[in-house]
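Colleague: Supplied in structure tokens, the structure appears directly below.
The values are calculated or read from the model by the stated rules, or taken from the named source; none is laboratory data. Quick caveat, the model's predicted, so the values are computed rather than measured. Virtual Cβ from ideal backbone geometry, glycine too; neighbours counted across all protein chains shown. Areas reflect the complete protein model, heavy atoms only, side chains present, ligands, DNA and RNA absent. Shrake-Rupley method; radii C 1.70, N 1.55, O 1.52, S 1.80 Å.
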Amino acid sequence: MNLAYIGHSECFGHFMGAHHPEAPDRLHAIGDRMIASGMEILVTHYDAPLATFEQLTRVHDPDYVRRIEEAAPKGDESLTWIDGDTAMSKGTLQAARRSAGAAVLAVDLVMTDKHHAAFCCVRPPGHHAERVRAMGFCFFNNIAVGAAHAMEVYGLQRVAILDFDVHHGNGTEDIFKNDERVLFCSSFQHPFYPGTGAECDAPNVVNIPLPKLTTGNEFRAAVEARWLPRVDAFAPQLIMISAGFDGHAEDDMAHFNLREPDYAWITRRLHEMAVKHCRGRIVSCLEGGYHLSSLGRCVSTHVDELIGHA
Ligand SMILES: [Zn+2]
């Protein structure tokens, strides 16, 4: 069983202006690197379905989902700004529903043993989207929609979500804090956008605030000491990854000094946990990563580790 690789052409149709870093070119860079690295032919491609209203409202307020649906502009060139850095274009709603739907399909594929692991190569990202608020380039919380699907449809009682994006996964924390069925671990630059994460005392949340200029060795030591014992003790039935690569040294969205081997390392460590506890079941969803070359390299490194062990 090889890796399920889930995307959709409509994820290219979301556009927030000519100079916005969360751009369709991110997916082109990843696709190019997948071909150049030879991994394109080693994965099984799937088209992401549209997440349904029912799937979205497991983690978002119904009125919020309706507000996003109604905010979508009709004109080809017009943008509706949701916050200072997050806008909807004509294609955003479809892209956002595909991105969340990718996580749902990924869960279905691993829970029915068609694949051990799945990677959702989608945009917009999701981990900043709270139950009632779009922010930080995110509209629907893709990984949360996937986790809720795993619990609702497959009856899972223990889902671990590991978020190594350089920004705190405030949306995922907002949705699942104090939900004992979910263990949420987030590592992030602090103090930094969105400013959350250092204060949360929910027993199911493990936040690791790290200073700017954090190196790979410091990141690995923190994960080894703080995340992995909690994941091991939790004994997850499914491991989900919010895979953001904006902590790379070449990515100037933030100020970490991580490199490809660090992303390979954490993918491998999480895979070891998945083998030990949940038959290798991993669902990974793309979050951030804005320097196109390093994003492509990091995703192919991450996918290579998932393939190698899928
Ligand atoms: Zn980020």
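Colleague: Would you confirm whether or not the range 140-153 contains a residue that is assigned to a loop (DSSP other than H, G, I, E, B) and open to solvent by 10 Å² or more (accessible area, probe 1.4 Å)?
Modeller: Scanning the range 140-153 turns up no residue that is assigned to a loop (DSSP other than H, G, I, E, B) and open to solvent by 10 Å² or more (accessible area, probe 1.4 Å).
For every residue, the table says whether it meets (1) within 16 Å of the ligand (Cβ to nearest atom); (2) of a type outside the set (A, V, I, L, M, F, W, C); (3) assigned to a helix (DSSP H, G or I); (4) under 27 Å from residue 124 (Cβ atoms).
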{"position": "261", "(1), (2), (3), (4)": "no, yes, yes, no"}
{"position": "277", "(1), (2), (3), (4)": "no, yes, yes, no"}
{"position": "285", "(1), (2), (3), (4)": "yes, no, no, yes"}
{"position": "293", "(1), (2), (3), (4)": "no, yes, yes, yes"}
{"position": "298", "(1), (2), (3), (4)": "yes, no, yes, yes"}
{"position": "304", "(1), (2), (3), (4)": "no, yes, yes, yes"}
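Rundown of residues vs (1) modelled with pLDDT under 95; (2) farther than 29 Å from residue 229 by Cβ, yes/no style:
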| residue | (1), (2) |
| --- | --- |
| 83 | yes, yes |
| 88 | no, yes |
| 96 | no, yes |
| 104 | no, yes |
| 132 | no, yes |
| 144 | no, no |
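Colleague: Hand me the list of strands (runs of 3 or more DSSP E) wholly inside the range 157-231 holding 2 or more residues that are in contact with a Lys or Arg (Cβ under 9 Å, 6 or more places away or on another chain) and within 14 Å of the ligand (Cβ to nearest atom).
Modeller: Here the list reads 182-189.
Colleague: For the condition at pLDDT 95 or above, assigned to a helix (DSSP H, G or I), closer than 15 Å to residue 188 by Cα and within 16 Å of the ligand (Cβ to nearest atom), what is the one hit in 241, 266?
Modeller: Only one candidate passes the filter, namely 266.
Colleague: Right, residue 76: modelled with pLDDT under 95, acidic (Asp, Glu) and open to solvent by less than 60 Å² (accessible area, probe 1.4 Å) or not?
Modeller: Spelling it out, it is not the case that residue 76 is modelled with pLDDT under 95, acidic (Asp, Glu) and open to solvent by less than 60 Å² (accessible area, probe 1.4 Å).
Colleague: Count, please, the residues in the range 244-259 that happen to be more than 15 Å from the ligand (Cβ to nearest atom) and within 28 Å of residue 181 (Cβ to Cβ).
Modeller: 0
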